[in-house]
Amino acid sequence: MNLFPKSFTWGSATSSYQIEGAAFEGGKGPSIWDAFCTIPGKTHQGDNGSVACDHYHRFRTDIELMKAMNLPAYRFSISWPRILPSGRGIPSREGIAFYSELIDALLEAGIEPWVTLYHWDLPLALQFEKDGWLGEELPRLFADYAEVCFSHYGDRVKHWITLNEPWVVAMLGYGQGIFAPGRISNSDPYRAGHQLLLAHAQAVERYRSKYQPSQGGVIGITNNCDWREPLTTSHQDRLAAQRALEFFLGWFADPIYHGDYPESMRSRVGRRLPEISATDRDLLTGSSDFFGLNHYTTMLAAEANQNTSSQVYGNGGLSEDQDVALSVDPDWQMTEMGWAIVPWGCRKLLQWIDDRYQHPEIVITENGCAFNDECIEGMVEDQQRIDFIRGYLTEVHQAINQGVNVTGYFAWSFMDNFEWALGYSKRFGLHHVDFTTQQRIPKASAKWYREVIRNHGFDPT
Ligand code: PNW
């Protein structure tokens with residue numbers, strides 16, 4: 001039996017724009033994703049999150065499904081423009097009420113809410129008025145918004161995540177232009193990333209100074225990182241893999257654990273990488289109570305020569321700055337995202353984090369996979385997803401046995417949803433969603449995961 005500690009947090013995750021729908025209801029203001037989806041060619045078949053899973057109207061029945069799995073923890077995000085329709089000013093009463101009811105219903109069902117404050121749906125007003133995350137006022141405006149959430153929900157919410165995957169926001173939103181706001185640049189990602197880090201730090205400072213002492217919760221940031229395995233045992237390829245991890249995770253975790261960007265980034269990015277001031281360094285250092293990690297895949301890394309630079313979706317950075325050539329082993333199986341299934345990469349990444357950041361408490365806030373699930377006679381037999389999660393959990397268990405402090409795991413996602421630029425073409429859910437009827441069906445993986453939760457683990461076979 002792969003047994004996990006009794007205190008281990010088992011959960012599943014979603015985000016506001018991917019599931020809520022009701023994009024123009026309940027007083028919600030538009031977000032950059034509402035706008036981005038209207039631009040021809042930006043999303044698969046022009047899909048958008050206007051209806052999504054209609055969770056805004058169906059959250060009570062969704063919680064029934066969570067109860068049916070005995071889900072101990074549920075990670076969701078708050079839509080900033082649902083709380084503050086133009087990004088700042090007077091909070092929307094309807095917006096405040098929606099999440100308040102959601103939180104109450106979760107607690108009543110015995111489910112611990114884990115709340116992300118920013119999962120990419122920036123109020124559109126702040127994009128127009130401040131140039132989005134490039135705007136100097138954004139850190140303060142984010143902290144103001146966070147404070148609205150702490151003051152209304154902090155009596156009941158004890159687990160906060162400031163930002164989801166600032167790397168994706170910076171790289172795919174401001175570098176490659178494939179996510180909102182769709183900017184393409186080789187310097188804006190570093191500026192946006194800097195502002196995101198400061199936003200995180202300022203929100204944490206507000207929480208710690210005004211709310212944490214009386215409310216007693218914890219707050220952290222969630223970063224995403226894939227594993228980078230050296231292509232060969234050559235010194236150059238080892239350095240390339242290390243550099244790739246520093247440009248991916250070190251970019252956002254080093255400032256929080258070490259007070260500055262990685263040296264490899266400083267030397268290669270030069271003046272395009274902002275300086276961290278002494279005041280900001282103090283705010284950033286130690287600003288995460290736990291290490292939130294989203295992990296999906298692994299790639300091979302090699303020292304790049306001029307002809308091998310690659311820039312594919314999800315490749316892990318602006319390759320011209322890193323000089324890393326990424327590839328996959330042709331023997332690796334792939335998910336429907338084209339992401340390789342390499343469970344041992346998860347263990348190696350957890351160990352790398354443990355070594356580099358002085359043994360932090362790590363919570364895996366997302367891990368999962370997309371497959372072409374078919375619903376046959378009301379059943380979805382997603383054996384591939386069960387195998388995927390079992391494989392990754394086996395390696396997480398192994399990492400814990402090696403002494404890495406992993407304290408929780410959240411399966412992405414609770415249900416099929418709007419997969420950003422790929423629209424509804426990719427299904428990540430433990431629950432199947434028919435987007436015409438909004439019918440939900442627990443997949444075989446949901447039933448399997450329920451047993452894992454019940455038994456605090458699973459048989460390795
Ligand atoms: C994460 N990449 O997104 C997000 O947190 C989720 O909202 C999303 O649904 C999930 O993973 C599956 O994609 C990512 O290209 C999107 O490297 C793209 C990348 C990484 C994470």
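For the criterion of being at pLDDT 95 or above, touching a helix residue (DSSP H, G or I) at 6+ places or on another chain (Cβ under 9 Å) and within 21 Å of Leu172 (Cα to Cα), Asp260 fails.
Note on region 286-307: residues that are over 24 Å from Phe428 (Cβ atoms) and buried (at least 24 other Cβ atoms within 10 Å of the Cβ) amount to 2. Which members of region 222-245 meet the condition of being within 16 Å of the ligand (Cβ to nearest atom) and surrounded by fewer than 23 Cβ atoms within 10 Å (Cβ to Cβ)? The one that is within 16 Å of the ligand (Cβ to nearest atom) and surrounded by fewer than 23 Cβ atoms within 10 Å (Cβ to Cβ): Asn224.
For region 428-461, a residue qualifies if it is surrounded by fewer than 15 Cβ atoms within 10 Å (Cβ to Cβ), in a loop (DSSP other than H, G, I, E, B) and polar (S, T, N, Q), and the qualifying residues are Thr436, Thr437, Gln439, Thr461. Considering region 320-339, and only residues there that are within 13 Å of Asp226 (Cβ to Cβ), aliphatic (A, V, I, L, M) and surrounded by fewer than 21 Cβ atoms within 10 Å (Cβ to Cβ), the residue that is nearest to the ligand (Cβ to nearest atom) turns out to be Met337. Applying the set (1) touching a helix residue (DSSP H, G or I) at 6+ places or on another chain (Cβ under 7 Å); (2) more than 16 Å from the ligand (Cβ to nearest atom); (3) of a type in the set (A, V, I, L, M) to Ile441 leaves exactly one unmet item: (1).
Here Phe371 meets the list (1) away from the ligand (no atom under 16 Å from the Cβ); (2) crowded, with 19+ Cβ neighbours inside 10 Å almost entirely, failing just condition (1).
Residue-level check: of (1) closer than 16 Å to Leu197 by Cβ; (2) surrounded by fewer than 20 Cβ atoms within 10 Å (Cβ to Cβ), Glu94 misses just (1).
If I filter region 393-403 for residues that are of a type in the set (Ser, Thr, Tyr), more than 14 Å from the ligand (Cβ to nearest atom) and surrounded by fewer than 20 Cβ atoms within 10 Å (Cβ to Cβ), do I get at least one hit?
The answer is yes; a qualifying residue exists.
Considering (1) of a type in the set (Ser, Thr, Tyr); (2) crowded, with 16+ Cβ neighbours inside 10 Å; (3) over 20 Å from Asp188 (Cβ atoms); (4) out of contact with any Phe, Trp or Tyr (no Cβ under 6 Å at 6 or more places or on another chain), the lone condition that Tyr257 does not fulfil carries the number (4). With the structure loaded, tell me whether Val168 is more than 16 Å from the ligand (Cβ to nearest atom) and either surrounded by fewer than 19 Cβ atoms within 10 Å (Cβ to Cβ) or not basic (Lys, Arg) (or both) or whether it fails that test. Spelling it out, it is not the case that Val168 is more than 16 Å from the ligand (Cβ to nearest atom) and either surrounded by fewer than 19 Cβ atoms within 10 Å (Cβ to Cβ) or not basic (Lys, Arg) (or both).
Among the residues of region 215-256, those identified as among the aromatic types (Phe, Trp, Tyr) and in a helix (DSSP H, G or I) are Phe247, Phe248, Trp251, Phe252. Whether any residue in region 46-64 is in contact with a Phe, Trp or Tyr (Cβ under 8 Å, 6 or more places away or on another chain) and part of a strand (DSSP E or B) is what I want to check. There is no residue in region 46-64 that is in contact with a Phe, Trp or Tyr (Cβ under 8 Å, 6 or more places away or on another chain) and part of a strand (DSSP E or B).
For Asp289, only one of the following conditions fails: (1) touching a Pro at 6+ places or on another chain (Cβ under 7 Å); (2) away from the ligand (no atom under 16 Å from the Cβ); (3) closer than 22 Å to Trp412 by Cβ. What is its number? Failing condition for Asp289: (1). Scanning region 357-368 for residues that are on the phi < 0 side of the Ramachandran plot, more than 16 Å from the ligand (Cβ to nearest atom) and either in a strand (DSSP E or B) or surrounded by fewer than 19 Cβ atoms within 10 Å (Cβ to Cβ) (or both) turns up Tyr357, Glu361, Ile362.
Scanning region 73-84 turns up no residue that is closer than 18 Å to Pro442 by Cα, of a type outside the set (Gly, Ala, Ser) and out of contact with any Gly (no Cβ under 7 Å at 6 or more places or on another chain).
The values are calculated or read from the model by the stated rules, or taken from the named source; none is laboratory data. Only a predicted model underlies this, so the values are computations on that prediction, with no experimental measurement involved. Quick reminder, even Gly has a Cβ in these numbers, built from the backbone with ideal geometry, and neighbours come from all protein chains shown.
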